[in-house]
1. Give me a count of the residues in the stretch 61-77 that are within 12 Å of the ligand (Cβ to nearest atom) and either open to solvent by 50 Å² or more (accessible area, probe 1.4 Å) or closer than 19 Å to P105 by Cα (or both).
2. A50: within 30 Å of G173 (Cβ to Cβ) and either at pLDDT below 90 or open to solvent by 80 Å² or more (accessible area, probe 1.4 Å) (or both), yes or no?
3. Give me the pairs, please: first residue somewhere in the stretch 57-70 and free of Cβ contacts under 8 Å to residues at least 40 places away in the same chain and under 16 Å from I100 (Cα atoms), second residue anywhere and within 11 Å of the ligand (Cβ to nearest atom) and open to solvent by 30 Å² or more (accessible area, probe 1.4 Å), beta-carbon distance under 7 Å, and either six or more positions apart or on two chains.
4. Could you check the stretch 78-124 and list, in sequence order, the residues that are in contact (Cβ under 8 Å) with a residue 40 or more places away in the chain, among the small types (G, A, S), part of a helix (DSSP H, G or I) and open to solvent by 40 Å² or more (accessible area, probe 1.4 Å)?
5. Which of the following residues is farther than 28 Å from W166 by Cα, over 21 Å from the mean Cα position of the chain (by Cα), modelled with pLDDT of 90 or more and of a type in the set (V, I, T): V70, V27?
6. Quick one: in the stretch 1-37, which of the residues that are assigned to a loop (DSSP other than H, G, I, E, B) and in contact (Cβ under 8 Å) with a residue 24 or more places away in the chain is nearest to G52 (Cα to Cα)?
7. Tell me yes or no: at least one residue of the stretch 10-31 is within 23 Å of S107 (Cα to Cα), touching a helix residue (DSSP H, G or I) at 6+ places or on another chain (Cβ under 9 Å) and not hydrophobic (A, V, I, L, M, F, W, C).
8. Anything in the stretch 156-195 that is within 14 Å of the ligand (Cβ to nearest atom), out of contact with any helix residue (DSSP H, G or I) (no Cβ under 7 Å at 6 or more places or on another chain) and touching a residue at least 40 places away in the same chain (Cβ under 8 Å)? List them, or say none.
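The values are calculated or read from the model by the stated rules, or taken from the named source; none is laboratory data. These numbers come from a predicted model, not from an experiment. Ideal geometry is used to build each Cβ from the backbone, glycine not excepted, and the neighbour counts take in all protein chains shown. Accessible surface is based on the protein model in full, side chains and every heavy atom, while ligands, DNA and RNA are left aside. Shrake-Rupley method; radii C 1.70, N 1.55, O 1.52, S 1.80 Å.
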Amino acid sequence: MSPLAARLAHASLLDRRIDLRFGHRYVGAERGAARFEAHPAVNADLVIVATGARPPQWLGLAAARDTVSVAADGGLAIRSDLRSASHPAVFAAGDCATFIDQSVPKSGVHALRQGPVLARNLARGLCAANGGAPASALAVAAERFAPRRWTLALLNRCDGSAIGAWGPLGFAGEWAWRWKDRIDRRFMARFDQDDEAPGDTAV
Ligand SMILES: Cc1cc2nc3c(=O)[nH]c(=O)nc-3n(C[C@H](O)[C@H](O)[C@H](O)COP(=O)(O)OP(=O)(O)OC[C@H]3O[C@@H](n4cnc5c(N)ncnc54)[C@H](O)[C@@H]3O)c2cc1C
């Protein structure tokens, strides 16, 4: 996130007297204390371990069994066309996948936008496979996923205000919370009206 927004988030946590520890590997809780690798235990009533998104362990095991390429973060290694880097007939998208030819953060905004590309590429792949096309023909037919350069992130501060990040910009205020509330409500209302997933909404 932008350094400006990160500073706002940091200040907001410190204001609430939340004890922050960065870069320590959490190994478990014991008798009211959170334990870390190579770091003293921390007594706490509530510990929040913020690790970022990681694909489930079973995916890595299955990929290893089937010799499908896995990226360093455990995600299936894919190219921009959402195909596995090692097996072009394997497709992956969203948080379980890691692009090897571009940088795409794991977030709902990007996962949502990959959906339609995945659907179209699967359809193309199936059509080509039905026609007996070789793997190279499938690769030519595939559409590439191009992430937006900047996406909007709005963090609820739970005090009637929100922090926003958009590219290098960072901002905060009650207006940002009202903005987030409107976006979230509009997003959820689309599920109420029909069962189709919304394809193009910034979350
Ligand atoms: C609390 C929270 C808040 C978030 N808020 C935001 C936000 O405001 N904006 C934003 O952009 N992103 C947000 N994210 C991130 C966003 O939710 C994810 O990036 C997004 O859901 C990824 O979509 P996905 O389809 O790749 O994976 P998921 O939504 O995780 O879907 C994976 C699905 O696979 C299923 N599954 C797992 N294992 C198996 C199995 N063995 N067999 C069958 N099914 C299985 C799971 O049950 C799940 O339904 C948030 C995430 C969290 C946890």
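1. 3
2. Judged against the criteria, A50 is a match.
3. Between residues of the stretch 57-70 that are free of Cβ contacts under 8 Å to residues at least 40 places away in the same chain and under 16 Å from I100 (Cα atoms) and residues that are within 11 Å of the ligand (Cβ to nearest atom) and open to solvent by 30 Å² or more (accessible area, probe 1.4 Å), there is no close pair.
4. Once the filter is applied, which keeps residues that are in contact (Cβ under 8 Å) with a residue 40 or more places away in the chain, among the small types (G, A, S), part of a helix (DSSP H, G or I) and open to solvent by 40 Å² or more (accessible area, probe 1.4 Å), the stretch 78-124 yields only G108.
5. The match here is V27.
6. M1
7. No, the stretch 10-31 contains no residue that is within 23 Å of S107 (Cα to Cα), touching a helix residue (DSSP H, G or I) at 6+ places or on another chain (Cβ under 9 Å) and not hydrophobic (A, V, I, L, M, F, W, C).
8. W166
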